[in-house]
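The values are calculated or read from the model by the stated rules, or taken from the named source; none is laboratory data. Since we're looking at a predicted model, the values are computed, not measured. Ideal geometry is used to build each Cβ from the backbone, glycine not excepted, and the neighbour counts take in all protein chains shown.
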């Protein structure tokens with residue numbers, strides 16, 4: 001039986017563990033091939049996980065990068081959502097009822113947003129998330145949500161993520177969406193800005209530091225001003 005796997009990036013150096021971040025990589029609409037750690041969608045998220053771990057280890061934050069069983073979304077099974085929920089259970093088994101922030105890219109962003117209403121989830125960051133019209137959002141009521149999308153995106157739809165952020169903003173006052181000018185799906189041209197946004201958001205959602213001014217203002221502004229904020233360097 002194929003099982004998902006959690007790669008611990010850098011164990012928390014402070015005990016007890018105060019929170020966790022679960023990083024979810026991208027994939028494809030369909031496919032039951034193994035989602036191994038040598039594929040680009042997985043490797044793309046390794047720097048995010050390492051940055052989160054470096055910032056959070058001394059604060060008691062455990063960071064784990066999930067390897068799915070399969071590469072595909074595989075509707076109606078939604079395999080990466082099942083795997084994310086398996087990982088949340090595993091983190092609770094290890095650390096108890098600590099808050100968890102989900103960080104996902106592309107298909108992983110969609111999986112993170114689908115699992116964002118689950119028990120113990122303190123915040124969700126969707127990076128260039130794959131969103132389709134009609135995506136469910138009511139389960140994110142009251143949740144803290146960050147979405148970021150590049151304006152040179154060619155793989156997933158910035159318009160769809162803008163629509164989705166607007167839907168979530170009808171059920172939560174803690175939604176921010178940033179436009180990363182000059183970057184696309186790979187998040188490489190402005191990697192430092194992406195990494196800093198995610199790290200600061202995760203630490204804020206875990207309650208370990210205040211949200212940055214830009215994120216706090218975006219959440220306060222709501223729809224429409226807070227859902228199309230240019231990401232500064």
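Structure data summary
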{"quantity": "Filter pass, residue 78 being free of Cβ contacts under 8 Å to residues at least 24 places away in the same chain and surrounded by fewer than 21 Cβ atoms within 10 Å (Cβ to Cβ)", "calculated": "no"}
{"quantity": "Sole exception among (1) modelled with pLDDT of 95 or more; (2) closer than 21 Å to residue 73 by Cα; (3) surrounded by fewer than 19 Cβ atoms within 10 Å (Cβ to Cβ); (4) out of contact with any helix residue (DSSP H, G or I) (no Cβ under 6 Å at 6 or more places or on another chain) for residue 132, by number", "calculated": "(1)"}
{"quantity": "Enumerated strands (runs of 3 or more DSSP E) restricted to the stretch 1-110, each holding at least 1 residues that are at pLDDT 95 or above and over 24 Å from residue 155 (Cβ atoms)", "calculated": "19-24, 61-67, 100-105"}
{"quantity": "Subset of the stretch 135-158 (residues that are touching a strand residue (DSSP E or B) at 6+ places or on another chain (Cβ under 9 Å) and not in a loop (DSSP other than H, G, I, E, B))", "calculated": "140, 145, 146, 147, 148, 149, 150, 158"}
{"quantity": "Residue selected from the stretch 186-207 under the condition touching a strand residue (DSSP E or B) at 6+ places or on another chain (Cβ under 7 Å) and in a loop (DSSP other than H, G, I, E, B), by the criterion surrounded by the fewest Cβ atoms within 10 Å (Cβ to Cβ)", "calculated": "190"}
{"quantity": "Residue that is surrounded by the fewest Cβ atoms within 10 Å (Cβ to Cβ) [pool: residues in the stretch 89-114 that are without any contact (Cβ under 8 Å) to a residue 60 or more places away in the chain and under 10 Å from the mean Cα position of the chain (by Cα)]", "calculated": "110"}
{"quantity": "Which listed residue is surrounded by 22 or more Cβ atoms within 10 Å (Cβ to Cβ), under 20 Å from residue 110 (Cβ atoms) and in contact (Cβ under 8 Å) with a residue 40 or more places away in the chain, from 49, 35", "calculated": "49"}
